[in-house]
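The values are calculated or read from the model by the stated rules, or taken from the named source; none is laboratory data. In this text, all values refer to a predicted model and were calculated from it rather than measured experimentally. A quick note on method: Cβ atoms are made from the backbone with ideal geometry, for glycine too, and the neighbour counts reach across all protein chains shown.
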Amino acid sequence: MYGGAFDPPHNAHVALAKAAVEQLGLDALHVIPTGHAWHKTQKLTLGFHRLEMAESAFSSIPKVVVDQREVLRTGPTYSLDTLRELQAENPDAQLYLVMGADQAAALPTWSHFDEISKLAIICVAERSNTTGNISYISTLNSLNCRAVHLELPIMPESATDVRDLVLHQKPVNHLLPPAVAAYIEAHGLYH
C-alpha cells in the first residue's frame with residue numbers, strides 16, 4: 001500500500017512506486033489517494049481529480065493499481081482501516097506500507113500506529129538529503145517496527161512546491177509526469 005494525498009502526484013511519487021515494486025518484488029502495489037485526511041490542515045483537491053491524476057501518473061508502472069477506496073469512503077480515512085481491508089481481501093499476503101521518511105518519522109502521530117506496524121512491513125524512502133533532519137530510523141526502532149529501506153535517488157519534489165509554482169504561473173513540467181501536467185492545465189487546478 002502506498003497512500004497519500006497525491007495532490008498532485010509528481011515524479012518523486014512515481015519513482016517511489018517503481019522502487020517499491022522492483023526492490024520489494026511486489027505482486028501488486030495499491031496506490032491509494034486519501035479521502036478525508038483528518039490530519040491535513042489544507043483542503044485537498046476533489047478526490048476525482050486526484051484519482052484521475054494518479055491514474056495518469058502511475059499507469060505505466062507494472063503491478064500498480066490505483067485504488068479509489070479511501071476517496072469513496074465517508075468520514076475520515078485511516079491507513080489501519082485500509083490495511084485491514086487489504087489483508088481481508090488477500091489473507092495470505094504479506095502487506096507492505098510504502099512511505100517517505102517524513103511520514104515514517106511522524107508514525108507515532110498516526111491513529112493506531114502500533115497495529116499498523118503489526119499488519120505491515122514499513123518501507124521507507126528518503127526523497128531528499130534529510131540526514132540529521134528526520135530521524136525515522138530511531139522512530140521505527142522505538143516502535144519495534146519491521147522496516148525496510150528503499151533506495152531512491154535524491155528527489156526534492158513536493159506537491160506543495162508544485163501547487164505553489166502553478167499558482168505563481170511558473171513551469172512545473174520538469175516535476176510532473178507529462179499527463180499530470182496536462183491534466184492540471186486542462187482543469188485549471190491550483191490557480
Problem - Long-range neighbours under 7 Å by Cβ, at least six apart or interchain, first residue touching a residue at least 24 places away in the same chain (Cβ under 8 Å) within region 62-86, second outside any helix (DSSP H, G or I) and of a type in the set (D, E) - result: K63/D27
Exercise for the section: Output the residues belonging to region 64-74 that are in a loop (DSSP other than H, G, I, E, B) and in contact with a strand residue (DSSP E or B) (Cβ under 6 Å, 6 or more places away or on another chain). Expected result: D67
Problem - Sole exception among (1) of a type outside the set (G, A, S); (2) at pLDDT below 95; (3) assigned to a loop (DSSP other than H, G, I, E, B) for E115, by number - result: (3)
Problem - region 177-188 residues that are closer than 20 Å to A12 by Cβ, paired with ones that are surrounded by 19 or more Cβ atoms within 10 Å (Cβ to Cβ) and not hydrophobic (A, V, I, L, M, F, W, C) (beta carbon under 7 Å, 6 or more apart) - result: P177/S56; A179/S56; V180/P8; V180/P9; V180/S56; Y183/S56; I184/P8
Problem - Residue match in region 82-93 (condition: farther than 16 Å from L26 by Cα, touching a Leu at 6+ places or on another chain (Cβ under 8 Å) and among the β-branched types (V, I, T)) - result: no
Exercise for the section: Take region 75-102 and flag every residue that is in contact with a strand residue (DSSP E or B) (Cβ under 8 Å, 6 or more places away or on another chain), modelled with pLDDT under 95 and not hydrophobic (A, V, I, L, M, F, W, C). Expected result: G75, P76, T77, S79, G100
